[in-house]
Structures are given as C-alpha cells and as structure tokens.
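Contents: one structure, followed by commentary.
Readers should treat all values here as calculations from the given coordinates under stated rules, not as data from a laboratory. Owing to the predicted nature of the structure, the values given are computational and were not obtained by experimental measurement. Note that we place each Cβ from the backbone using ideal geometry, even for glycine, and neighbour counts take in every protein chain shown.
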Amino acid sequence: MYLTRTRLPVITGHPDALQDHDRTLVHLLDARLAIEPTVAAKAARNITDPQAAALREAVDAAGHALGGAGGEHKANMSIHARIAEAAGNPILADTILSLIKVFGAEQKRILAMHDRPSRDRNHADHVAICDAVLARDPEAAERAMRQHLSRVLSEIGGAVDARAERAARND
C-alpha cells in the first residue's frame, strides 16, 4: 500500500500484494494485529465525548446488523475506524482507514469465512473493546483488541491452511 500526501488521500495497493489471495487474508490480519492493539490503547487515553458517542453508535449498529438488519461488514469496520480516529494520531487513523479501504474485499472474505458462533464472538469482542476504550482503560483496550485479532487470525489462518492442504492433496 502506498499513501501520498495530498489534499485528498491517494491510496493504491501494491501490485504484488495479492498474488496469493488466501495468504493475503493472513497477512492483512497480521498487519492489523501489529497496529490495532496500540491504537486501541491510545484511543482509551484520548477519546473525546463525541468520539465515545460515535463508537457506542458503531457498536450498536453492529449488533443490529448481526441481528439481521444487514450491513455487518460496514458496521464492524466502522468500529475499528472509530477507535482509530479516537487514538488522537491522524497518521495511525489514516493507516487503519487505508487498510479498511484498500483491503475491503479481503475484509468481506474474512467475515464470510466466519460461521454464526464466530460472528457472535466477534461482536462480543467488539463490545469488550468498546467497553475498555469507553472506560478509558488503555491496558484493557489493548488486551481486548489483541485477543480479538489474535483469535480471528488463528481462525482464518487455520481455514487458509486447511484449504491449502486440500488443494495440495487434489494436485
């Protein structure tokens, strides 16, 4: 991913990044795991009251989407975006927002690979992250985000590895 500083951000994907589409999912989650726990801790330290209200709204919208209202991907990504914006560092926020935009299709694939119990766990994770950020508890926010992304990475990595093993057996 390349970012260019202009009045409007210019975002393009690296041309070689998507050669192994399944591995891209794992790399994306690994990158997010390297960044987002720290971002969550910063958000817990810096969140403003209006940002807290926006985060609460995003978590509520995700709950409604999970309940069948539609828009689950958009609602989930909105939670991560609101946390990034609350961190108080525009470069970190732009980085997270860029990952969401550039890898939107991959994020949708990750969501589609989750069964209903896993989606319920994701929402519970999002609620826990939100609660920690809103309690202004940086350690709990960092831990909750790390646990969430680690679990998702483990689930998706396992699914990708299983798919690769099946493909290798069929060759």
(message) If each DSSP helix of 4+ residues adds -39,500 (n - 2.57) and the sum is divided by the residues in the chain, what number results at 222 nm, nearest 500 deg cm²/dmol?
(response) -26000 deg cm²/dmol
(message) When only alpha-carbon atoms are used, what values of Rg and Dmax, in angstrom, describe segment 96-170?
(response) 14.8, 51
(message) I need to check one value: relative contact order of the chain, counting alpha carbon pairs closer than 8 Å and at least 6 residues apart, in percent.
(response) 32 percent
(message) Using alpha carbons only, how many angstrom separate the centre of segment 15-87 from the centre of segment 110-171?
(response) 12 Å
(request) Specify the longest stretch of the chain that does not include any exposed loop site, a site being one of the trypsin sites (Lys or Arg not before Pro) with a non-H, G, I, E, B DSSP assignment and at most 11 other Cβ atoms within 10 Å. (result) 8-171
(request) Rank Met113, Met145, Met77 by mean-square fluctuation in a GNM of the chain with C-alpha springs under 10 angstrom and give only the top-ranked residue. (result) Met113
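Quick one: dipole size for the chain, taken about the Cα centre, charges +1 on Lys/Arg Cβ and -1 on Asp/Glu Cβ, in debye to the nearest 20.
Dipole size: approximately 240 debye.
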(message) I want to verify a result. In a Gaussian network model of the chain, Cα cutoff 10 Å, which of these has the top mean-square fluctuation: Asn76, Asn89, Asn122?
(response) Asn89
